[in-house]
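This report concerns only the one structure given below.
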Amino acid sequence: MADAWNDYYTESEIKKIQRIELQSLDILEEVCKKLNIRFFMYGGTLLGTIKYQGFVPWDDDLDVAMLRSDYEKFIQEGPKLIPAEYE
């Protein structure tokens, strides 16, 4: 099953997607620090950090979560802090 991702992406494509995701995660972290919001990883993203010290090799998304009150604050104030290219 783990090799089934090859039907959708080449190895270089999945690596490119994961690099972009890491850049997005860096922006999320910066914005959350400025707003004093905590977020956490879960699902495959958490599994990847523990088992693979990075991404699950075939994973093409990030799983992050935050408390509802923090999410509402992020939705209200975050867009002002997010660089235009990430809007």
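The values are calculated or read from the model by the stated rules, or taken from the named source; none is laboratory data. All values reported here derive from a predicted model rather than from experimental measurement. Methodologically, a virtual Cβ is constructed for each residue, glycine included, from the backbone with ideal geometry; neighbour enumeration extends over all protein chains shown. Just so you know, the surface numbers come from the protein's heavy atoms only, side chains and all, with ligands and any DNA or RNA stripped out. Shrake-Rupley method; radii C 1.70, N 1.55, O 1.52, S 1.80 Å.
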Could you work out the helix-only [θ] at 222 nm for the chain, with each DSSP H run of four or more residues adding -39,500 (n - 2.57) and the total divided by the number of residues, to the nearest 500 deg cm²/dmol? -16500 deg cm²/dmol
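Take the Cα radius of gyration of the chain and divide it by 2.2 N^0.38 Å, with N its residue count; two decimals is plenty.
Against the empirical 2.2 N^0.38 Å value, I get 1.22 for the chain.
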In nm, to one decimal, how far is the modelled label at K73 from the one at D60, with both set 7 Å along Cα→Cβ? 3.5 nm
Distance between Cα centroids, region 54-78 to region 32-48: provide it in whole Å. 6 Å
Using Cα pairs closer than 8 Å and at least 6 residues apart in sequence, work out the relative contact order for the chain, in percent. 33 percent
Between I27, I75, I17, which gets the highest mean-square fluctuation from a Gaussian network model of the chain, Cα cutoff 10 Å? I75
Carbon + sulfur, % of accessible area of the chain - ligands and nucleic acids excluded, 1.4 Å: 54 percent
